[in-house]
Structures are given as structure tokens and as C-alpha cells.
Amino acid sequence: MPVTKILVIDDESSILETLRMFFEEKGMTVFTADTGTKGISLFEKERPRVVILDIRLPDTNGLDILKSMVQQDMPAKIIMITAFQDMETTIVAMKTGAFDYIHKPLDIDQVEQAVDRAARIIEIDEKTPSLQTFTDAANPLAIIGRSEKMRHVFKMMGLVCTRQVNVLLQGDTGTGKELTARAIHMNCAGKEEPFIVFDCSAVVDTIIESELFGHEKGSFTGADHTTKGKIELAGNGILFLDEISQLPLKIQGKLLGFLQRKEYTRVGGTHLLKSNCRIVAACNQDLSKLVDKGLFKQDLYYRLKVFTIFLPSLEERLSDMPFLVEHFLNKINRELGTTVIKIQDGVMERLRRHRWKGNVRELENTIVQALVGCRGNVLLKDDIDRILNQHRSEPVAGLESFSLAHVEKKHIARTLSQLDWNKSRAARLLQITLPTLRSKIKKYNLHPN
Ligand SMILES: Nc1ncnc2c1ncn2[C@@H]1O[C@H](COP(=O)(O)OP(=O)(O)OP(=O)(O)O)[C@@H](O)[C@H]1O
Ligand SMILES: [Mg+2]
């Protein structure tokens, strides 16, 4: 049913008349009220789907009316109009659930656009069925996927849970390696044992060894007391070595020794320590290629790859897209307090078409972005389009943007922001060295926003 009824509540008769004439001409039925009380009774009687509501009314405050209207069973889209220019009222209105907020003097085009948009969203909402709620939304560790490739991943995870083996997780950025490592931990007998994360790309080379293996008091300047390393902290649990390819060769050797003998020494120590922790290593590059280039120790690679799980890229499992989208809607609704339970026709096709370089992480971020700006129950194709096109078309907006440096700057900035400013990962994705990336960040004066 298209939107035909509209209610205008304002104490200025000129505004009531202007809007009445304008929207009647467009074929709508317009109700007008010059006080809050009259407005509410018309609202209850006529049930308009769109309301234009002034904030300062002779008898009531428009914000109170807004509050009671959004709590109705069949809520209307309410467009606030006001002469107030202050930030607070706008924020309160939007927080309370206003659809839009327009300042006086009224620009009729702006009002028309807001009403059209509200009407369109109402129509899409009416013809889009609600999703079923998923039970796994409560579990942040749920790994979503029903494709052949993901079913294979689940099978492998099941196997490692029953065998005390080290595991290598291979997959592009954002494919769920850390999530998988945590899920392995939760499904193993030792789930009460620790799960320790060590990001090999985040620690400077000089202290990696002591971080990992611990150090004895006095072993180097500043080593005031004996400190446990991550291996010790992991106890009988799991040590998750993220970005294992970034481990310096020397430390790779020491790690190999530990994997072979289950024994190691702290930095500056001679005493042999034992540990039963299990290593789950993650890598978003092909480790075998790094071995060929001499950047990764072959013996360590052979040790680790015994049990490898390959996480497929999102593009290799597009059939999982609907399940992932529903999962993220549930999860993000919960986090943001939004109520998006419908997906407009066409959204899924648009998502399938995108080149997901950041895989599931990029998909999740896209949905967060769409929900932050959403004022209804439907995930809209326009919103998704806007977000995905923005990613793609940024480098060529305007003439100056055709310069190579500009394109490079934009590309680096986008890559960094998609990876939460993880520079080592960005450098790898961009296929430049970390020092080169650092100098470009400086040159282009880039900052995390
Ligand atoms: N199959 C999945 N189901 C649900 N959420 C997923 C799935 N895969 C990834 N995610 C989500 O995507 C985000 C990125 O996942 P994760 O951090 O595990 O990626 P990663 O492979 O470790 O990436 P990187 O190499 O960049 O570190 C997380 O928020 C994670 O919860
Ligand atoms: Mg990771």
C-alpha cells in the first residue's frame, strides 16, 4: 500500500497551508493540526505513515509527541521541523527515533525529499519479509558457513580437537583465522586452559625472543626481574601465533627446537623448561612461497604444516553470503541497538558482485556502516551501493585525482583503514616493505581517523 496520508503539526498557519497545498498536489491526503493535542488525536484517528512535526508548539513540546509516536505499534516516519539550530535538540530528536530533522525557514525541496525517502522506505519495508532470528547470534565465536569449503573446515577443526597436534591456519586477511583458532580452543578438552595470542608482526624484533620464551633477571639492560614468556603463560592451553611469517629467522630456529623437544630456555637462562602448550599458527600468505624465497625456515614449515586448515576467501564461498549477512545483522543489531530485520531485494546480488579483498571482515564492516546510518528495519540496497562504490571510486573523483601520487595516497589510506592500521598487514597486502610503507605514510601525512 503506497503512502497516501500525511500529518503536519505546526502552529504557523502559513506552513500548514503551504505543505497542505504542496502534498495535496502530489495526490496525498494531508491532515493538519496547529496544536500538539489536536495533532495526537488526528494521529490516532487517521494513522498517517508520515508526520511532519514542529518542535515548539503552543501546548506541548514536539519532542514529547515524537516520543509517544515512535512507541506506537505501527510507527510513523517522523520528520522534525524546527527553528532551533542547536546541536542538542537535533541529537535528542534523532536519538528518540526521528526519521529526519529539517531547519526553518523551510526549503520545500528538502521536505519533499525527506517525505519521498520516508515513503519509499515504508514501501520497501512493507513488501520485504522479516528474517528468521538465528539462535547462534548470541555466540560471538560462531563460524558461519554451509558451503562445501566451510564444511571441510569444520571437519578439520573437529579432528584437531581430538588430537594434540599443532595447527597451521592459512587464509587471506579477514577470512577468520583468529576466529577459527579461538573456536578450536573452545571445542577442545583443554578449554579451561589458557588461550594466549602472540602477534609476531606487532612486536619489534629485539624483544620477540623474550616475549615468547621469557627472560631471566639481569639477562639484558632493563631486565629487572625474571619474566614468563607466552609459551609459559599458555601452560597446557593454546599459543596462537598470529602472522607467523613475520617471525625473525633466528627465533624461527628456537621455536623449531621447542616444537621438536617441548623444551626451551628463557633468554639469559640455562635451565631447561618444559611446556605442553599447543601451537596454532596463522598466516595470510603462502608459507611455502616464503620458504622458496628463503624467508621462512623449511624445517619449521614442515613441522607446522602437518595439520593445515585452509580458510577459503569470501569469493570462493559466495553461497554463504546470505547466512553471513543474517548473522552480522543479528550481531550488529545487538551491539548498536538497531532493529534491521529485513533485507531489500537486490542487496544480496550487489554484495555478491563486490570484490571482497578484506573478506569477511570487510563484509562485517560494510554492514556496520550500513546499520549506523540506517533509520528503519530494512537493509537498503542504496546504502550498500553507496558504501561499496565509495570504496571503489574514491581514487578517481576530480581531476587532480588522476595523478599517480594521489591514487597511491588514497589506495594506501584505504588499505590501512580497512586493516585497522595494522601496518605490517597493509604492507604485505600492498606488496611493499614495511619501511617503504612507513615512509609513504609520512610523505602523504596519513593518520588513523
Ligand atoms: N566464518 C565466519 N563467520 C562469522 N564471522 C566471521 C567468519 N570469518 C570471519 N569472521 C569475522 O570477521 C572478522 C575477521 O576475522 P579474523 O580476525 O578471524 O580474520 P583473520 O583471518 O585473522 O584476518 P587477518 O589475517 O587480517 O588477521 C572477525 O570479526 C570475525 O569474527
Ligand atoms: Mg588475524
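Just so you know, all these numbers are worked out from the coordinates, no wet-lab data involved. Keep in mind the model is a prediction, meaning the values are calculated, not measured. We place every Cβ from the backbone using ideal geometry, glycine too, and count neighbours over all the protein chains shown.
Looking at region 211-301, what helices (runs of 4 or more DSSP H) fall wholly within it and have at least 2 residues that are surrounded by 21 or more Cβ atoms within 10 Å (Cβ to Cβ) and within 16 Å of ligand 2 (Cβ to nearest atom)?
Values: elements: 230-234, 249-261, 287-292.
In region 211-301, there are no helices (runs of 4 or more DSSP H) which contain 2 or more residues that are surrounded by 21 or more Cβ atoms within 10 Å (Cβ to Cβ) and within 16 Å of ligand 2 (Cβ to nearest atom).
Residue by residue, here is whether (1) at negative phi; (2) assigned to a helix (DSSP H, G or I); (3) within 16 Å of ligand 2 (Cβ to nearest atom) holds:
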{"position": "I412", "(1), (2), (3)": "yes, yes, no"}
{"position": "W421", "(1), (2), (3)": "no, no, yes"}
{"position": "R425", "(1), (2), (3)": "yes, yes, yes"}
{"position": "L429", "(1), (2), (3)": "yes, yes, yes"}
{"position": "I432", "(1), (2), (3)": "yes, no, no"}
{"position": "P435", "(1), (2), (3)": "yes, yes, no"}
{"position": "R438", "(1), (2), (3)": "yes, yes, no"}
{"position": "I441", "(1), (2), (3)": "yes, yes, no"}
{"position": "H447", "(1), (2), (3)": "yes, no, no"}
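Restricted to region 159-187, and to residues there that are free of Cβ contacts under 8 Å to residues at least 60 places away in the same chain and touching a helix residue (DSSP H, G or I) at 6+ places or on another chain (Cβ under 8 Å), the residue that is nearest to H327 (Cα to Cα) is A183.
Table: residues versus (1) part of a helix (DSSP H, G or I); (2) within 31 Å of the chain's Cα centre (by Cα); (3) within 19 Å of L16 (Cβ to Cβ).
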{"position": "M69", "(1), (2), (3)": "yes, no, yes"}
{"position": "I79", "(1), (2), (3)": "no, yes, yes"}
{"position": "T90", "(1), (2), (3)": "yes, yes, no"}
{"position": "K95", "(1), (2), (3)": "yes, yes, no"}
{"position": "A98", "(1), (2), (3)": "no, yes, no"}
{"position": "Q110", "(1), (2), (3)": "yes, no, yes"}
{"position": "A114", "(1), (2), (3)": "yes, yes, yes"}
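Of the residues that sit in region 302-312 and are in contact (Cβ under 8 Å) with a residue 24 or more places away in the chain and part of a helix (DSSP H, G or I), which one is farthest from V360 (Cα to Cα)? Among those residues, the one meeting the criterion is R303.
Listed conditions (1) away from ligand 1 (no atom under 14 Å from the Cβ); (2) closer than 23 Å to Y302 by Cβ; (3) buried (at least 21 other Cβ atoms within 10 Å of the Cβ) are all met by V165, apart from (3). Taking (1) out of contact with any strand residue (DSSP E or B) (no Cβ under 8 Å at 6 or more places or on another chain); (2) closer than 29 Å to I78 by Cβ in turn, N389 satisfies each apart from (2).
The listed residues are E335, E316, and the only one of them that is in contact (Cβ under 8 Å) with a residue 40 or more places away in the chain and out of contact with any strand residue (DSSP E or B) (no Cβ under 6 Å at 6 or more places or on another chain) turns out to be E316.
Out of R350, R355, R334, one residue alone is more than 16 Å from ligand 2 (Cβ to nearest atom) and not in a helix (DSSP H, G or I). It is R355.
Within region 428-449, residues that are in contact (Cβ under 8 Å) with a residue 40 or more places away in the chain sit with their Cβ atoms under 7 Å from residues that are among the hydroxyl-bearing types (S, T, Y) and in a helix (DSSP H, G or I), at 6+ positions apart or across chains, in these pairs: L429/T415. Touching a Pro at 6+ places or on another chain (Cβ under 6 Å) and away from ligand 1 (no atom under 16 Å from the Cβ): is that true of G235 in this structure? Yes: the conditions hold for G235.
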